[in-house]
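S.K.: A single structure is presented below for examination.
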Amino acid sequence: MSDSNPSCLPTIRTLHVADIELPRQFEKLYDLAYNLWWTWTPAARNLFNMIDPESWSLYRNPVQVLINVEPRQWHPLHSSERFLAAYGEVTDALDEYMRSQNTYFDRNHAQPAGPIAYFSMEYGLHQSLSVYSGGLGILSGDHCKSASDLGLPFVSVGLLYRRGYFLQSIDAEGFQQHIYPEYDFPRLPLRPIASATGTPLIIRVPVPGREIAAKLWLAQIGRVPLVLLDTDIPENDPADRPITNLLYVRGREMRLVQEYLLGIGGVKALRALGIEPSCWHLNEGHVVFMQLERMRELVADGYSLEDAHAQVTRNAVFTTHTPVPAGNEQFDPTLIRKYFQSWCDETSMAMDHLVDLGRAHEGDNSFNLTALGVRTSSYANGVSKLNSEVASRMWRHLYPAEDEQPIKPITNGVHTDSWLGVELGRVIEHQLGENWRELLLGDDGWDAVDAISDEKLWKAHMDQKARLGRFTRSRLMEQHARHGSSPDELRAVGSLFDPNALTIGFARRFATYKRAKLVFADPHRVRAILSNDERPVQLIFAGKAHPADRPGQELIQHIFNLSRSEALAGRVFILENYDMRMGRMLVQGVDVWLNTPRRPMEASGTSGQKVGLNGGLNFSILDGWWPEGFNGRNGWAIGQDRHYDDEAQQDREDADSLYETLETEIIPAYYERDADGLPRRWIAMMKEAIKTTTGPFSSDRMVRDYTVDAYLPAIARGAEAAR
């Protein structure tokens, strides 16, 4: 299977590590399994399911499926017309995708001298590859997928975590438990990158008194290579091997070392691969040390320190997500002095000057990575219009006085094919045509959604909702069995989740500002709403709290106890171990998506966008993306479009608004049926949600905006300075 890399992006050679033996007739399955294109291509996933349904159901990882398959299992597939046809169609589709020179970027822009380099602490690509924790990682994964679909010259860099982010279980008392499995990389869709001599490529990063070695792995995301650094190798001292052990480790110095490795080691990794980017994208402050490594390189090449600083700034793009000062990554300056003294010696920068570059405000005694990102980038953006306004106020003092809104808005979007349900996708394709994805970059053509048959749209939604019901019952059965429920109690669990009841989903990180228990502010009122047998309502919660976040974990316990209480049992469910698979089930199957952050602390909130493209209706505080998406016909707003100084007052008013809207608008609209049993008014809102969410809040549109507003201008600034 041929690759299609832009001329500015060299082919990355890899080594074979997995114990996979394929019949010659099916040898293209190897390339297919190692290209994460399958994560957003239903036909590819179905192909691996056809090979071994049991293994696919257990792992949902094609590399593991191919490792497990027995030679005898290939024999019937050699003569299966259905499998042979599917194999040919899927492998031809990948081949055509990789070779295509008719992408958005090919049609509209000239190839730059070097690719765009994208650095992020985490990547949410698929649940089988645990290098993500939540929203930042999902955004990074969707960004890379759309960069691939649009044909951008693009390379991404991250860390490969041996134990990833924790798996969550909830014990019988409602306490969150943290499980850290050890991942076997050769059984994942990853391959070691090869050196010129055919051995694994290892780079070395200097730290005080030693060097840290990092093995480079490749995760191929369609056309986009993701280079991942791994320190758990024999070349390292045992004390250094765990650097890439856990995502978002608690220890502050270990966290700094991780970010040091990603920033400095990431630049060294690209150099070792012969990649010279034309633009550098810093996704959040975690990766900002890459700018210091680039400055060190230029000083070593003869630039003055001032010119080196100016040069790395010109072609750097910085994205900030966190709209509260305390949420921005910061360190004690003593750690910076410990790890960057040699850097200062090499560049002749005074250590006090370096510390000042990371000082958010005069007099601060901390080194702020966002401040350093702002000071070393020529373009900075927030991830929604409101977020960029908040961020601009936070960092206004670091910019020239005449720049009224220095941090520009590029609203986040979601990768449509990764989150759209299969059933609804068929309906949309039937109505809009097989090339309907071309509409993702424009506003025209979406009115055709109005012509979708109400019956077909409702059936597709109910099919996806039924799948969510099966998934929910299965997860609850596992949880109750682990808690010691009796056979009769487990049989009762199997009847939970009413597919005809109005189903509201709430799934996100359990941080206190997201106010997961706002819906329970008035116990008597919420009980009356949920327990109405004529118009039942059920709530599904999911999400993890950071292992160090005790208040977040107490929120989980509170909702767990409510779900087991006599008043709300059978109406409130909490599912454990929220991951990308569960996320897909929820956003594709719920009727309503509830979002209750304390405004304006939500950066974007892309889960609601995933619900909207599936015809679900958002019910949200006017925060993040929702002020841009809400039009009064595609969902509902909670509370007012204003900021409260008194949090208690805000909670009271938002809870009252939530209950009032549920009682007078949402529940009546859902249960209002015609003679055919269809909620016509509800379905009209579903169509409006699809029309107003799918294109404007796609990651294709987002990446196009980055290309036009950020990447190409940065490339031009860098090229002009180099002349």
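Read-outs throughout are calculated quantities, based only on the coordinates presented, and are distinct from any laboratory measurement. Every value quoted in this text rests on a predicted model; they were computed, and no experiment measured them. We place every Cβ from the backbone using ideal geometry, glycine too, and count neighbours over all the protein chains shown.
S.K.: Apply 1/(1 + (r/R0)^6) to the Cβ-Cβ distance of Ala675 and Ala451, taking R0 = 22 Å, and write down the FRET efficiency to the nearest 0.05. Don't skip to the end; give the middle numbers.
M.R.: On the way: r = 22 Å, r/R0 = 0.99.
Approximately 0.50, to the nearest 0.05.
S.K.: Kindly identify the range 607-723 as rounded, prolate or oblate by the Cα gyration tensor criterion: order the square roots of the eigenvalues as a ≥ b ≥ c, call it rounded if a/c is under 1.5, otherwise compare a/b with b/c, prolate if a/b is larger, else oblate.
M.R.: Oblate, since a/c reaches 1.5 and b/c is not below a/b.
S.K.: Across all directions of projection, what mean area in square nanometres is found for the Cα convex hull of the range 416-482?
M.R.: Average of the hull's projected areas for the range 416-482 equals 5.5 nm².
S.K.: Over 5 Å intervals from 0, what percent of Cα-Cα pairs in the range 335-454 sits in each interval?
M.R.: 2, 9, 13, 13, 10, 9, 9, 8, 7, 7, 6, 5, 2, 0
S.K.: Now a separate question. For the pair Glu96 and Ser342, how long in nm is the line joining their label points, each one 7 Å along Cα→Cβ?
M.R.: With each label placed 7 Å out from Cα toward Cβ, I get 5.3 nm.
S.K.: Okay, next question. When the gyration tensor of the range 647-688 is built from Cα positions, what are the square roots of 5 times its three eigenvalues, in whole Å, from largest to smallest?
M.R.: 30, 11, 4
S.K.: At what distance in angstrom do the alpha carbon centres of the range 528-546 and the range 126-205 lie from each other?
M.R.: Here the answer is 33 Å between Cα centres.
S.K.: Right, next: Could you go through the range 582-596 in sequence order and give the Karplus-derived ³J(HN,Hα) for each residue, using 6.51 cos²θ - 1.76 cosθ + 1.60 with θ = phi - 60°, rounded to whole Hz, and x for Gly and Pro?
M.R.: Rounded to whole hertz, the list is 4, x, 4, 4, 5, 5, 7, x, 6, 7, 9, 10, 9, 9, 10.
S.K.: Give me the log10 of I(q) over I(0) for the range 38-175 at q = 0.09, 0.11 Å⁻¹, as the Debye formula computes it from C-alpha points; what are the numbers?
M.R.: For the range 38-175 at q = 0.09, 0.11 Å⁻¹, log10 I(q)/I(0) is -0.41, -0.59.
S.K.: Could you tell me the ratio Rg/Rh of the range 171-308? Both radii from Cα atoms, Rh via Kirkwood. Don't skip to the answer; put the middle values down first.
M.R.: Details: Rg = 17.1 Å, Rh = 16.8 Å.
Rg divided by Rh gives 1.01.
S.K.: Given the range 275-408, what whole percent of its Cα pairs are spread farther than 25 Å?
M.R.: Result: 23 percent of Cα pairs exceed 25 Å.
S.K.: Tell me which lysines have Cα within less than 22 Å of Lys465's Cα, excluding those fewer than 8 residues away on the same chain?
M.R.: Lys456, Lys610, Lys687, Lys691
S.K.: A follow-up question, please. What list of ³J(HN,Hα) couplings, whole Hz, do you get for the range 257-268 from phi and the Karplus terms 6.51, -1.76, 1.60, once you set θ to phi - 60° and write x for glycine and proline?
M.R.: 4, 4, 6, 4, 4, 5, x, 6, x, x, 5, 5
S.K.: How far is it, in nm, from the label point at Ala481 to the one at His361 when both lie 7 Å from their Cα along the line to the Cβ?
M.R.: Between Ala481 and His361, the simple spin-label model gives 5.5 nm.
S.K.: May I pose another question? Hey, what D do you get for the range 1-89 in µm²/s if you plug the Kirkwood alpha-carbon radius into Stokes-Einstein at 4 °C and 1.567 mPa s?
M.R.: In µm²/s, the coefficient rounds to 92.
S.K.: Just to be sure I follow: if Rg is taken over the C-alpha atoms of the range 607-667 and Rh is the Kirkwood radius over the same atoms, what is Rg/Rh? Could you put the intermediate results ahead of the total?
M.R.: Values: Rg = 12.1 Å, Rh = 12.3 Å.
Using Cα coordinates only, the ratio equals 0.98.
S.K.: Quick one: Cα convex hull volume of the range 570-646, Å³ per residue? Don't skip to the end; give the middle numbers.
M.R.: Values: hull volume 9.6 nm³, N = 77.
Value for the range 570-646: 124 Å³ per residue.
S.K.: Under 20 °C and 1.002 mPa s, how fast does the chain diffuse according to Stokes-Einstein, given a Kirkwood radius computed over C-alpha pairs? Answer in µm²/s, whole number.
M.R.: 80
S.K.: Please compute, for the alpha-carbon atoms of the range 118-234, the extent along each of the three principal axes and give them in descending order in Å.
M.R.: 55, 43, 29
S.K.: Using the beta-carbon distance between Arg633 and Phe83 and R0 = 41 Å, what value does 1/(1 + (r/R0)^6) give for FRET efficiency, to the nearest 0.05?
M.R.: 0.35
S.K.: Around Leu617, which amide H atoms from residues at least 5 apart in sequence, or from another chain, sit under 5 Å from its own amide H, with H modelled in the peptide plane?
M.R.: Long-range HN contacts for Leu617: Val592, Trp593.
S.K.: Normalise the Cα radius of gyration of the range 523-656 by 2.2 N^0.38 Å (N = residues in it) and let me know the number.
M.R.: Normalised by 2.2 N^0.38 Å, the Cα Rg of the range 523-656 equals 1.09.
S.K.: Students often forget the sequence filter, so: which lysines lie under 19 Å Cα-Cα from Lys268 once same-chain residues fewer than 8 apart are removed?
M.R.: Correct list for Lys268: Lys215.
S.K.: Under the rule of at least 5 residues apart or a separate chain, name every residue whose amide H is placed under 5 Å from the amide H of Val207.
M.R.: So Val207 has HN proximity to Ile212.
S.K.: OK, next. Can you divide the C-alpha Rg of the range 449-554 by 2.2 N^0.38 Å and report the result to two decimal places?
M.R.: Details: Rg = 16.9 Å, N = 106, 2.2 N^0.38 = 12.9 Å.
After normalising by residue count via 2.2 N^0.38 Å, the value is 1.31.
S.K.: Full-extension gain between Val17 and Val207, please, as 0.36 nm times their residue separation minus the C-alpha to C-alpha distance.
M.R.: Details: separation 190, 0.36 × 190 = 68.40 nm, distance 3.01 nm.
Taking Val17 through Val207 to full extension adds about 65.4 nm, to one decimal.
S.K.: Now for a separate question. How big is the Cα convex hull of the range 460-508 in projection, averaged over all directions, in nm²? Provide the component values of the computation, followed by the final result.
M.R.: On the way: hull surface 16.0 nm².
The orientation-averaged projected area of the Cα hull of the range 460-508 comes to 4.0 nm².
S.K.: Another question about this same structure. If you project the alpha carbons of the range 298-348 onto the principal axes, what extent comes out on each, in Å, largest first?
M.R.: 39, 29, 11
S.K.: Here's a follow-up. Test of the criteria: in the range 171-275, which trypsin sites (Lys or Arg not before Pro) are in a DSSP loop and have at most 13 other Cβ atoms within 10 angstrom of their Cβ? Walk me through the numbers on the way to the answer.
M.R.: On the way: sites: Arg187, Arg204, Arg210, Lys215, Arg223, Arg250, Arg252, Arg255, Lys268, Arg271; in loops: Arg223, Arg250.
When the trypsin sites (Lys or Arg not before Pro) of the range 171-275 are filtered for loop state and at most 13 Cβ neighbours within 10 Å, Arg250 remain.
S.K.: So, one more: Restricting to DSSP loop positions (anything but H, G, I, E, B) with no more than 15 other Cβ atoms inside 10 Å of their own Cβ, which GluC sites (Glu not before Pro) remain in the range 663-705?
M.R.: Loop-located and lightly packed - Glu672.
S.K.: Under the 0.36 nm per residue contour assumption, what length would be gained going from the current alpha-carbon distance of Ala466 and Asp641 to full extension?
M.R.: 59.5 nm is the gain from fully extending Ala466 to Asp641.
S.K.: How long are the three semi-axes of the equivalent ellipsoid of the range 522-588, in whole Å, if each is the root of 5 times an eigenvalue of the C-alpha gyration tensor, listed from largest down?
M.R.: Working: eigenvalues 110, 56, 13 Å².
Computed over the range 522-588, the values are 24, 17, 8 Å.
S.K.: Can you list the HN-Hα couplings for the range 222-230, worked out from phi with the Karplus curve (6.51, -1.76, 1.60; θ = phi - 60°), rounded to whole Hz and with x for Gly and Pro?
M.R.: Residue by residue, the range 222-230 yields x, 8, 9, x, 10, 9, 10, 9, 10 Hz.
S.K.: Per 0.36 nm of contour for each residue apart, how much would the distance between Met50 and Glu665 grow if the chain were fully extended, relative to their Cα-Cα spacing?
M.R.: 216.9 nm
S.K.: Moving on. What FRET efficiency comes out for the pair Ser495/Ala548, r = Cβ-Cβ distance, R0 = 35 Å, nearest 0.05?
M.R.: Details: r = 38 Å, r/R0 = 1.09.
Working from the Cβ atoms, E equals 0.35.
S.K.: Please give the residues of the range 445-488, grouped as numeric ranges, whose backbone N is less than 17 Å from a label point set 7 Å along the Cα-to-Cβ vector of Ala172.
M.R.: 477-488
S.K.: Considering Cα pairs under 8 angstrom that are at least six residues apart, work out the relative contact order of the range 196-294 and quote it in whole percent. Could you put the intermediate results ahead of the total?
M.R.: On the way: 115 pairs, mean separation 20.5, N = 99.
Relative contact order of the range 196-294: 21 percent.
S.K.: So for the range 396-516, Kirkwood radius off the Cα pairs, Stokes-Einstein at 20 °C and 1.002 mPa s: how many µm² s⁻¹?
M.R.: Estimated diffusion coefficient is 112 µm²/s.
S.K.: Share of antiparallel DSSP beta bridges in the chain, in percent to the nearest 5?
M.R.: 35
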